[in-house]
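Notes follow the structure.
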Amino acid sequence: MTLTLVRLAFAGLRSRLLATTLTVLLAGAAAGTLVLVLEVRDTGRDPWERTFAAAHGAHVLADLPTGEAAEALRSLDGVTESGEPQPQATLQLGTGTRDEPLLVAGLSGTPAVNRPIATSGTAEPGAGVVLERSLARVLGLEVGSRVVLSGPGGEEEIDVVGTAILPSQSRFPRSNPGVAWVERPVLERLQPDRSAWRWIEALRLGAPGSARAVADVVVRGAPPGTVSTATWQEQRDLALQEAAPLQLILSMYTVMLLAVVFAVVGVLVGARVLEQTREIGLLKAVGLTPRQVTAVFVIESAVLGLVAIVLGYAAGAALAPDLAGAMAETMVGAPTTAANPAHLVVAGVPVLLVLVVSTWVAARRRTRMSVFNALQSGRAMPPRRSLLTRAARALPVGVPLHVGVRTFLAGRARAVLVTAAIALTGSAVVFALSMQAALDDRPAGEPSDVPAELPALVYSLDAVLLVVALTSLVAIALLSVRERLRDFGILKAVGLTPRQVASTLVSPFAVLAGVAGIVSVPVGLGLFVVVYSVSGGEGDPVLAPWAWLVLVPVGTVLLVLLATSVPARVATRSPVAQALRID
Amino acid sequence: MTALLEARGLSRTYDTGGAPVPALDGVDLAIERGEFVVVIGPSGCGKSTLLNLLAGLDRPSAGEVWLDGTRVDQLSETALARLRRRRLGFVFQFFNLLPTLTASENVELPLLLAGRRRRQARRTAHRMLDDLGIGDRADAAPSQLSGGQQQRVALARALANQPDLVMGDEPTGSLDSTSAGEVLGLMRAAHARGQTLLLATHDARVAAAADRVVTMRDGRVTRERAMQPSRPVTLPFDPDPA
């Protein structure tokens, strides 16, 4: 029997190729975005660990007030290796066009632990200075550039001899001031006051898992507030924080995409089950129990969901390394695909659940009715009396819009889901416009901690949402055409012109798009304000100018008109006599 | 009398993917203004196809259709829609009411299309439904009405703009005998007001009420027979309760 149910399910999928393909694409997009969020973080770990190994990184990094205190840490229990205490002082870096405070370390040879890794030139400063790579990039400096280092002891014009990275250093300007390395005598000349120095001690442990405990011992052994530490886990988290805004935005878009997809899937599943009331009756007539009929539909949805999840997983895992590029700026090598199989499960479960549960609920109700009642319940009715229907009826609009709106209101759940899907997509566009306005508002030449990938990411996600929403609209409009082909025949028989018939389909979508477009403006602005404050934005956020925002409802209506005009043409093509024969 | 509606050598062949199926084969027919003509014949003889072509609901494979001096079969879909709106009322066997509109709204539709104001259209629709004896069901959904009630609404919709020509494809075919008698009475009342009627039917009572009966077989007109002048119309309800 199970084999029979599976065969019936596959026959159903083959007979509705458009709906099948669309469901897979939509569910795949949702699963893919979920996987992307999960993968971005994991993907970044790989290059960080390679960087840590190459730098012979410190399991515990301590920042102390004196060299003696730093030296004392080298004999702590559990420490297996340590470098010479390294002095640091804050100096001023002049590039000719701007001055930046700079944390300068004075090296006495190559550090044994937590040594800078050269990414261009050399990591050994000699008579010059080595700059941390992200700092050099932001300031537009490269090997051979000449800069001025100044401090209380004077100033020196000095050559940039290399750029380097460290696993304990996150990207400039998120980590500000930036870091540079010189020979110790240079530091001593520029900052002769040793009381202004800090000392860095890099420790490696026999048991890296005990890093937190060792760090606690270091802090407890010093006067309060004089020592700070960073375990290797904290260094990693700090480095990976680059991805925090990306992850926040990815998460927000994932929620929006999921909501849009689930709204559309809800419409598609509901319409499919409604359309299949006759098939349900036939299956019951040949001897299938209600439970078995429900199982056929659930198997269909589950198969679609599984295919969608696999496709989404592959796409999400493949895109993750590109999006993780920002945090890799302070690391060795480019991120590689982590492709954690657990993410397949985490992303797959909600997508599969929504598909299966919505199908089960819709099918179960209909399979428990008698065939007669099932057919009756699938019959269209005028909208229930309400303030909305009375208002719609009182509006001085033409016959096509009046008929179209009445029909849309008759299927209120679908109208609400479609409006919600359009509104969410519109708010994503408002969010992107606000982000662009905020970026445009920055003073020219100022360093920014906004990852370079962020605008591209937001626009890509907007494009995905727009494509998903527009494809869904075309599908829902086609579905409406198929459901109402007979009605269109009646309208033509009564005297509506083809243009008016098309208008009965397009105009209610345009009205919904207008409403959704207007709603999307405050929702999108609200989302931007929340994301801005959660991701650490300072001051009042800059919002998109009103001139841009006005374009959102207008653009929404135009795009929806475009998306529904092709199905509307289909609606007008069918000859009246043929349309009236459709049962 | 002059011919209001005329078919000249009208043919229609359906292409169903296999061999072409001829449904109508060179039909010539003229309907005079004010006439009540009934087309009868066995199922599949081409009655519905003929009415669809005459009403501009379908396009002929060959031949011509003329309505009051206008060649209908060459009109664009838009022009056809305008013509139907002004000149034609059509009643179907299965009513074909719009399921998402109430009974009253279904009747208002052609009135609004003809340019009436909404309030005026509503008043007219309610009056017509009252006249047809279903005024109390004006706000009901089509699915909440019986077959006879639905056909009365469909008839009200067809007559709303007082078209020159009212066509019906088996208008009593889905009704019980009481409802069928009532609907026939209403159509005869329209004819008595001067409207031209063309009905396709299997119902002998309908045929008996006509001025002329056209018999079809295998897509051709095989016989035309003039009937006795119509007997006085007996309405199934009081048309003027006042």
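Computed from the coordinates by the stated procedures, all read-outs in this text should not be read as laboratory data. Keep in mind the model is a prediction, meaning the values are calculated, not measured. Ideal geometry is used to build each Cβ from the backbone, glycine not excepted, and the neighbour counts take in all protein chains shown.
With runs of 4+ DSSP H residues as the only contributors, calculate the mean residue ellipticity of chain A at 222 nm using -39,500 (n - 2.57) per run, divided by the residue total and rounded to the nearest 500.
Calculated from helices alone, the mean residue ellipticity at 222 nm is -21500 deg cm²/dmol.
Positive end of the dipole of the protein assembly as shown, charges at C-beta (+1 Lys, Arg; -1 Asp, Glu), about the Cα centre: which of A:Ala317, A:Leu22, A:Gln241 has its Cα farthest in that direction?
Looking along the dipole axis, the top candidate is A:Leu22.
Just the number, please: percent antiparallel of the DSSP beta bridges in the range B:3-226, rounded to the nearest 5.
About 55 percent, rounded to the nearest 5.
Which whole DSSP H helices in chain A pass both tests: a Cα extent of 18 Å or more along the axis and a mean Kyte-Doolittle value no lower than -1.0?
Span-like helices in chain A: A:2-15, A:17-54, A:244-275, A:290-323, A:341-367, A:412-440, A:453-494, A:498-534, A:546-573.
Give the order of A:Phe488, A:Phe10 when sorted by the count of other beta carbons within 10 angstrom, beginning with the fewest.
A:Phe10, A:Phe488
Counting Lys and Arg as +1 and Asp and Glu as -1, each charge on the Cβ, what is the dipole of the range B:3-226 about the Cα centre in debye, to the nearest 20?
That gives the range B:3-226 a dipole magnitude of about 720 debye.
Of A:Val506, A:Val429, A:Leu417, which is farthest along the charge dipole of the range A:381-583 in the positive direction, counting Lys and Arg as +1 and Asp and Glu as -1 at C-beta?
A:Val506
In whole percent, what relative contact order does chain A give with Cα contacts below 8 Å and a gap of six or more residues?
So the answer I get is 19 percent.
Once the Cα atoms of the range B:136-236 are picked out, what are the Rg and Dmax in Å?
Answer for the range B:136-236, Rg first and Dmax second: 14.3, 45 Å.
Given charges of +1 on the Cβ of Lys and Arg and -1 on the Cβ of Asp and Glu, with all other atoms neutral, how large is the dipole of the protein assembly as shown about its Cα centre, in debye to the nearest 20?
5260 debye
Inside 10 Å of the C-beta atoms of A:570-577, what's the mean count of C-beta atoms belonging to other chains?
4
Set the Förster radius R0 to 35 Å, insert the Cβ-Cβ distance between A:Ala54 and A:Val346 as r into 1/(1 + (r/R0)^6), and round the FRET efficiency to 0.05.
Taking R0 as 35 Å, the efficiency between A:Ala54 and A:Val346 is 0.65.
Place +1 on the Cβ of every Lys and Arg and -1 on the Cβ of every Asp and Glu in the range B:3-226, take the dipole about the Cα centre, and give the residue among B:Ser61, B:Gly9, B:Met167 whose Cα lies farthest towards its positive end.
Farthest towards the positive end: B:Met167.
Which value results for Rg/Rh of the range A:412-568 when Rg is the Cα radius of gyration and Rh the Kirkwood radius based on the inverse mean 1/r?
Ratio value, two decimals: 1.11.
Filter the trypsin sites (Lys or Arg not before Pro) in the range B:131-200 to those in DSSP coil with at most 11 other Cβ atoms within 10 Å of their Cβ, and list the result.
Within the range B:131-200, the qualifying trypsin sites (Lys or Arg not before Pro) (loop, at most 11 other Cβ atoms within 10 Å) are B:Arg193.
Which log10 I(q)/I(0) values, to two decimals, does the range B:1-86 give at q = 0.25 Å⁻¹ under the Debye formula with one point per Cα?
Listed by q, the Debye log ratios stand at -1.34.
Hey, any idea what Rg/Rh is for the range A:60-205, computing Rh the Kirkwood way over Cα pairs?
Checking Rg against Rh, the ratio lands at 0.96.
Any idea what the dipole of the range A:60-205 comes to, in debye rounded to 20, about its Cα centre with Lys/Arg Cβ at +1 and Asp/Glu Cβ at -1?
440 debye
For peptide B:141-148, how many partner chain Cβ atoms fall within 10 Å of a residue's Cβ, on average?
Across B:141-148, the average partner-chain Cβ count within 10 Å equals 2.
Translational D (Stokes-Einstein, µm²/s) of the range A:152-307 at 10 °C and 1.306 mPa s when Rh comes from the Kirkwood sum over C-alpha pairs?
69 µm²/s
Can you sort A:Arg220, A:Arg133, B:Arg205 from fewest to most other Cβ atoms within 10 Å of each residue's own Cβ?
Placing the least packed residue first, the sequence is A:Arg220, B:Arg205, A:Arg133.
Taking each pair of different alpha-carbon atoms in the range A:483-569 once, compute 1/r for the pair, average those values, and report the inverse of that mean as the Kirkwood hydrodynamic radius in Å to one decimal.
15.5 Å
Over 21 Å, how big is the tail of the calculated P(r) for the range B:3-226, in percent of all Cα pairs?
Roughly 54 percent, once rounded to a whole number.
Compute the separation of the alpha-carbon centres of the range B:90-162 and the range A:504-557 and state it in Å as a whole number.
A separation of 43 Å, based on Cα centres.
Kirkwood Rh, Cα Rg: Rg to Rh for the protein assembly as shown?
In the protein assembly as shown, Rg relative to Rh is 1.20.
Count charges around A:Pro383 for me, please; just the other residues with Cβ under 9 Å from its Cβ, Lys/Arg as +1, Asp/Glu as -1.
Result for the local shell: +4.
At a temperature of 4 °C and a viscosity of 1.567 mPa s, determine how fast the range B:79-179 diffuses translationally according to Stokes-Einstein, using the Kirkwood radius over alpha-carbon pairs as Rh; express D in µm²/s, rounded to the nearest whole number.
97 µm²/s
Need one number: nm distance between label points at A:Val550 and A:Thr97, each 7 Å from Cα along Cα→Cβ, rounded to one decimal.
Distance between the two pseudo-spin positions: 3.7 nm.
Taking amide H positions as placed in the peptide plane 1.01 Å from N, state which residues far from B:Tyr14 in sequence (5 or more) or on other chains have amide H under 5 Å from it.
So B:Tyr14 has HN proximity to B:Val21, B:Ala23.
Using a basic spin-label model with each label point 7 Å from the Cα along Cα→Cβ, how many nm lie between A:Tyr459 and A:Ala394?
4.7 nm
Using the count of nearby Cβ atoms within 10 Å as a rough guide to exposure, how do A:Lys284, B:Lys47 rank from fewest to most?
A:Lys284, B:Lys47
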